[in-house]
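*Asks:* I'd like to ask you about the structure that follows.
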Amino acid sequence: MIEFLLSTFYFIAFCFLISKLSFFKDSKIPKYWFIIIFGVKIGVSVLLTLIYTKYYNNRATADIFKYFDDSKVMFSALKSNPLDYFKMLLGIDFNYNYYQVNYYQFMNHWNRPYSSDLISDSHIIIRFNAFVRLFSFGFFQVHHIFINFVSLIGLTLIYKAFKLYLLDKEKLLFYVVFLVPSVLFWGSGLLKEGIILFAFGLFFYYLFKLTNQLKTSYLLLFFFAIILLIFTKFYLLIALSIPSLGYLINYYRRLKNPLFGYLIAGLIFLITINVAPLINEQLDVVFQIANKQQTFSRFIAEVPANSGFVIPELSDGWSLIIYSPQALLNTMIRPYFWECNSLFVWLSAFENVFIIGCFILVFYYRKKINNSHKNIIYFNLTFVFSLFVLIGLTTPVFGAIVRYKIPGLILLLISLSILIDFGKMKTKLPFLKKLL
């Protein structure tokens, strides 16, 4: 009962903030839409909790519970040694042996035996939960209220960042950003995806802002987004490097064909990843990708996944190039229906069919676009290609692919929305006029 009352209090408080903050004010989308979406996300988080409770017998391996449980160890320091708590929370726990002996060894997922990341991506979600415990009194559902408000801010920033390219299609953009099933589902749980969506929103919004006006506040928030991405999913930052550089080249050089900006960015990236290992062996991108692949394969061998499949083993840079098309297809169109064995995987399979349908609509209702639109489409698709290839090369589990591809899925659907001439569609399908 206390958990329900406390959760309700915070839900009402955040709804009040949404109604009052100018951040959620939009010329086309009323504020109550954002409140409704926030409520829907909370409902989905409850559903996700029920699913994880029913299908995961071991709480220590269930993603939405395991980091929450580990955060209790960190939070316990607030009573015994408050300085330790704040040092761990802020990441200034430099005396590793001390914190390992007193705290981290009692966590199940702070140090993960199968992690191949340069920086552990579990630390930030544990720290987030340890911070929210200041307000939640240890009640799990309260954490869902907080993470959903954070992800709502991120999604709203994504909406605002791309709104300029979909003028008079704001409702469609809203649907694409907030209501894609996998984004709504995985972006509403007490998972790293909520923080990733927040970081993505900051990154896109302030990248575009900085090209129009160089302000210290914009720069600080942009670098904050980069730091968040480094500590959540570093490979996302790698996938963003080519499109971001290409976008900036096109913006400042005003190339006649925006595609050239991304080709130049790709060339610079290739040169960089070949030179980087000469400076530091850990910067060998091919080695890191191969290591990530092998680590994931060892993990599912130890902890079998029902949705696992075989991916080609990488040995060198040439094998990475050879297997990239297959990796892209694995992420883009799989799982096939006959490969589905869980609700999560079925959801992804139906989404893939929907995306294929959107490509067909582009073929029949393609819209002529200007260079500004071309630039943003190349930006989006370069990121989607980079991300999907990285995922396909390293992830042999459909259940994981469903979650990892979410950021790319949003940008892919935004690009398809720009390319489709909805004016023609509304002429043939009048009922769309009310929806869009």
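The rows are residues; the columns are (1) among the hydroxyl-bearing types (Ser, Thr, Tyr); (2) farther than 20 Å from Ile242 by Cα; (3) modelled with pLDDT of 85 or more.
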| residue | (1), (2), (3) |
| --- | --- |
| Gln293 | no, yes, no |
| Val303 | no, yes, no |
| Glu313 | no, yes, no |
| Leu320 | no, no, no |
| Thr331 | yes, no, yes |
| Phe337 | no, yes, no |
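*Asks:* Follow-up. Under 23 Å from Leu419 (Cβ atoms) and either without any contact (Cβ under 8 Å) to a residue 60 or more places away in the chain or touching a Gly at 6+ places or on another chain (Cβ under 7 Å) (or both): is that true of Leu328 in this structure?
*Replies:* yes
*Asks:* Output the residues belonging to the stretch 147-174 that are of a type in the set (D, E, K, R) and either out of contact with any Phe, Trp or Tyr (no Cβ under 7 Å at 6 or more places or on another chain) or in a helix (DSSP H, G or I) (or both).
*Replies:* Lys160, Lys163, Asp168, Glu170, Lys171
*Asks:* Could you please tell me which pairs satisfy a Cβ distance under 7 Å, a separation of 6+ or placement on different chains, a first residue in the stretch 57-68 that is of a type in the set (Phe, Trp, Tyr), and a second residue that is surrounded by fewer than 18 Cβ atoms within 10 Å (Cβ to Cβ)?
*Replies:* Final answer for the pair search is Phe65/Tyr52; Phe65/Arg59; Phe68/Phe140.
*Asks:* Still on this structure, I have one more. Ile420 versus (1) at pLDDT 90 or above; (2) in contact with a Cys (Cβ under 9 Å, 6 or more places away or on another chain); (3) surrounded by fewer than 22 Cβ atoms within 10 Å (Cβ to Cβ); (4) among the aliphatic types (A, V, I, L, M): which is the lone unmet condition?
*Replies:* So the condition that Ile420 fails would be (1).
*Asks:* Hey, among Thr382, Thr394, which residue is over 28 Å from Leu167 (Cα atoms), under 21 Å from the mean Cα position of the chain (by Cα), buried (at least 20 other Cβ atoms within 10 Å of the Cβ) and β-branched (Val, Ile, Thr)?
*Replies:* Being over 28 Å from Leu167 (Cα atoms), under 21 Å from the mean Cα position of the chain (by Cα), buried (at least 20 other Cβ atoms within 10 Å of the Cβ) and β-branched (Val, Ile, Thr) holds for just one of Thr382, Thr394, which is Thr394.
*Asks:* Out of Leu134, Leu190, which single residue is within 29 Å of Met74 (Cα to Cα), free of Cβ contacts under 8 Å to residues at least 60 places away in the same chain and of a type in the set (A, V, I, L, M)?
*Replies:* Among Leu134, Leu190, only Leu134 is within 29 Å of Met74 (Cα to Cα), free of Cβ contacts under 8 Å to residues at least 60 places away in the same chain and of a type in the set (A, V, I, L, M).
*Asks:* Return yes when Leu197 is in the same structural domain as Pro407 (by TED's automatic domain parsing) and either surrounded by 20 or more Cβ atoms within 10 Å (Cβ to Cβ) or within 23 Å of Tyr262 (Cα to Cα) (or both) and no when it is not.
*Replies:* It is false that Leu197 is in the same structural domain as Pro407 (by TED's automatic domain parsing) and either surrounded by 20 or more Cβ atoms within 10 Å (Cβ to Cβ) or within 23 Å of Tyr262 (Cα to Cα) (or both).
*Asks:* Continuing with this model, one more query. Test Ser415 against the stated conditions and say whether it is in contact (Cβ under 8 Å) with a residue 24 or more places away in the chain, among the small types (Gly, Ala, Ser) and assigned to a helix (DSSP H, G or I).
*Replies:* yes
*Asks:* Let me ask something else. Can you tell me which residues in the stretch 13-68 are outside any helix (DSSP H, G or I) and in contact with a Phe, Trp or Tyr (Cβ under 9 Å, 6 or more places away or on another chain)?
*Replies:* Across the stretch 13-68, the qualifying residues are Asp26, Lys28, Ile29, Tyr56, Ala62.
*Asks:* Could you tell me whether Ala130 is assigned to a helix (DSSP H, G or I), surrounded by 13 or more Cβ atoms within 10 Å (Cβ to Cβ) and more than 26 Å from the chain's Cα centre (by Cα)?
*Replies:* The answer is no for Ala130.
*Asks:* Return yes or no: is Thr211 among the β-branched types (Val, Ile, Thr), out of contact with any Gly (no Cβ under 6 Å at 6 or more places or on another chain), within 14 Å of Ile37 (Cα to Cα) and assigned to a helix (DSSP H, G or I)?
*Replies:* no
*Asks:* Here's a follow-up. Given the conditions (1) surrounded by 15 or more Cβ atoms within 10 Å (Cβ to Cβ); (2) under 22 Å from the mean Cα position of the chain (by Cα); (3) without any contact (Cβ under 8 Å) to a residue 24 or more places away in the chain, report the number of the one that Asp84 does not fulfil.
*Replies:* In the conditions (1) surrounded by 15 or more Cβ atoms within 10 Å (Cβ to Cβ); (2) under 22 Å from the mean Cα position of the chain (by Cα); (3) without any contact (Cβ under 8 Å) to a residue 24 or more places away in the chain, Asp84 misses (2) alone.
*Asks:* Just the residues that are within 15 Å of Pro243 (Cα to Cα) and in contact with a Gly (Cβ under 8 Å, 6 or more places away or on another chain), please, taken from the stretch 377-405.
*Replies:* Correct list: Tyr378, Phe379, Thr382, Phe383, Val384, Leu387, Phe388.
*Asks:* Assess whether Lys424 counts as being part of a helix (DSSP H, G or I), charged (D, E, K, R) and in contact with a Phe, Trp or Tyr (Cβ under 9 Å, 6 or more places away or on another chain).
*Replies:* Criteria met by Lys424.
Residue-by-condition table, conditions (1) buried (at least 18 other Cβ atoms within 10 Å of the Cβ); (2) within 20 Å of Thr211 (Cβ to Cβ):
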| position | (1), (2) |
| --- | --- |
| Leu248 | no, yes |
| Phe260 | no, yes |
| Leu267 | no, no |
| Val285 | yes, no |
| Gln288 | yes, no |
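*Asks:* Right, next: On the given criteria, is Lys72 of a type outside the set (A, V, I, L, M, F, W, C), modelled with pLDDT of 90 or more, under 19 Å from Phe128 (Cα atoms) and under 24 Å from the mean Cα position of the chain (by Cα)?
*Replies:* no
*Asks:* Out of the stretch 175-188, which residues are crowded, with 18+ Cβ neighbours inside 10 Å and either over 17 Å from the mean Cα position of the chain (by Cα) or not in a helix (DSSP H, G or I) (or both)?
*Replies:* Val180, Gly187, Ser188
The values are calculated or read from the model by the stated rules, or taken from the named source; none is laboratory data. None of these values were measured; they are calculated from a predicted model. Every residue, glycine as well, gets a Cβ built from its backbone with ideal geometry; the counts of neighbours run over all protein chains shown.
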